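Below is one structure, written out as structure tokens; the observations come after it.
The values are calculated or read from the model by the stated rules, or taken from the named source; none is laboratory data. Here the structure is a predicted model, which is why all the values come from computation and not from measurement. FYI the Cβ positions are ideal-geometry reconstructions off the backbone, even for glycines, and counts take in every protein chain you see.
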Amino acid sequence: MKILMVCLGNICRSPLAEGIMKTKLPENFFVDSAGTISMHEGEHPDKRAVKTAENHGVDISRQKSRPIVSSDFETFDKIYCMDHRVYEDVISKTKNDEQRQKISLFLENVADRKNSEVPDPYWGDMNDFENVFQLLDKGCDAILNQLKTNN
Ligand code: 4NP
């Protein structure tokens, strides 16, 4: 099972989601992350994201931002988008229904948050990053529960 986490810049939310997921990942699962914009390509995650992860014993410092590419729709089985804008952008890059079926909102499996977004913490403060971390942690658990029950 190959999972791709996607946000806008791939320097805040999706690197955190990737890092958190890696601490929980069953054997034979693979996780990566990407952004819908290439503005931060090659950069390490935002320092606040790195610090927040570190506070929880998760190391994301060596990750590097990359934009989503068309081969990701072949490589990955599941593509999770952090908010509606990202979801729409990712959908617009797909070629067929098979690819579209792989894509969902990151929080879709979290009870009472099905249609909600992981808020962008980029313009916020450390509290916003911590709240995002908690939400991502819940979302990762929910995704794994869902994938394990259906595989
Ligand atoms: P991310 O956060 O999508 O969670 O990585 C952002 C990073 C950069 C920008 C916006 C959001 N930006 O506008 O540069």
Any residue at all in region 86-96 that is crowded, with 17+ Cβ neighbours inside 10 Å, among the hydrophobic types (A, V, I, L, M, F, W, C) and touching a helix residue (DSSP H, G or I) at 6+ places or on another chain (Cβ under 7 Å)? no
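What number of residues within region 37-51 are surrounded by 20 or more Cβ atoms within 10 Å (Cβ to Cβ) and within 12 Å of the ligand (Cβ to nearest atom)?
So the count comes out to 3.
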Take the residues in region 84-109 that are touching a Leu at 6+ places or on another chain (Cβ under 8 Å) and assigned to a loop (DSSP other than H, G, I, E, B); name whichever of them is nearest to I11 (Cα to Cα). F106
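Kindly evaluate N131 against the criterion of being farther than 26 Å from T75 by Cα, assigned to a helix (DSSP H, G or I) and in contact (Cβ under 8 Å) with a residue 12 or more places away in the chain.
Numbers: farther than 26 Å from T75 by Cα: yes; assigned to a helix (DSSP H, G or I): yes; in contact (Cβ under 8 Å) with a residue 12 or more places away in the chain: yes.
Criteria met by N131.
Just the residues that are among the hydroxyl-bearing types (S, T, Y) and either crowded, with 24+ Cβ neighbours inside 10 Å or not in a loop (DSSP other than H, G, I, E, B) (or both), please, taken from region 1-36. Even if it seems obvious, please write down each step before you answer.
In the first step, residues of region 1-36 are kept if they are among the hydroxyl-bearing types (S, T, Y); the result is 14, 23, 33, 36.
Hits for region 1-36 are S14, T23, S33.
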Name the one entry in Q99, Q63 that is within 26 Å of P26 (Cβ to Cβ), touching a Pro at 6+ places or on another chain (Cβ under 7 Å), of a type outside the set (G, A, S) and surrounded by 14 or more Cβ atoms within 10 Å (Cβ to Cβ). Q63
Between a residue in region 2-14 that is more than 9 Å from the ligand (Cβ to nearest atom) and any residue that is among the charged types (D, E, K, R) and not in a loop (DSSP other than H, G, I, E, B), which pairs come within a Cβ distance under 7 Å, given they are 6 or more apart or on different chains? I3/K78; L4/D32; L4/D72; M5/E18
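So is I79 outside any loop (DSSP other than H, G, I, E, B), closer than 24 Å to D141 by Cα and either among the hydroxyl-bearing types (S, T, Y) or within 14 Å of the chain's Cα centre (by Cα) (or both) or not? Break it down stepwise before answering.
Values: outside any loop (DSSP other than H, G, I, E, B): yes; closer than 24 Å to D141 by Cα: yes; either among the hydroxyl-bearing types (S, T, Y) or within 14 Å of the chain's Cα centre (by Cα) (or both): yes.
It is true that I79 is outside any loop (DSSP other than H, G, I, E, B), closer than 24 Å to D141 by Cα and either among the hydroxyl-bearing types (S, T, Y) or within 14 Å of the chain's Cα centre (by Cα) (or both).
Suppose we filter K138, K102 for residues that are touching a Phe, Trp or Tyr at 6+ places or on another chain (Cβ under 7 Å), more than 16 Å from the ligand (Cβ to nearest atom) and modelled with pLDDT of 95 or more; which single one remains?
Numbers: K138 fails: touching a Phe, Trp or Tyr at 6+ places or on another chain (Cβ under 7 Å).
Answer to the check: K102.
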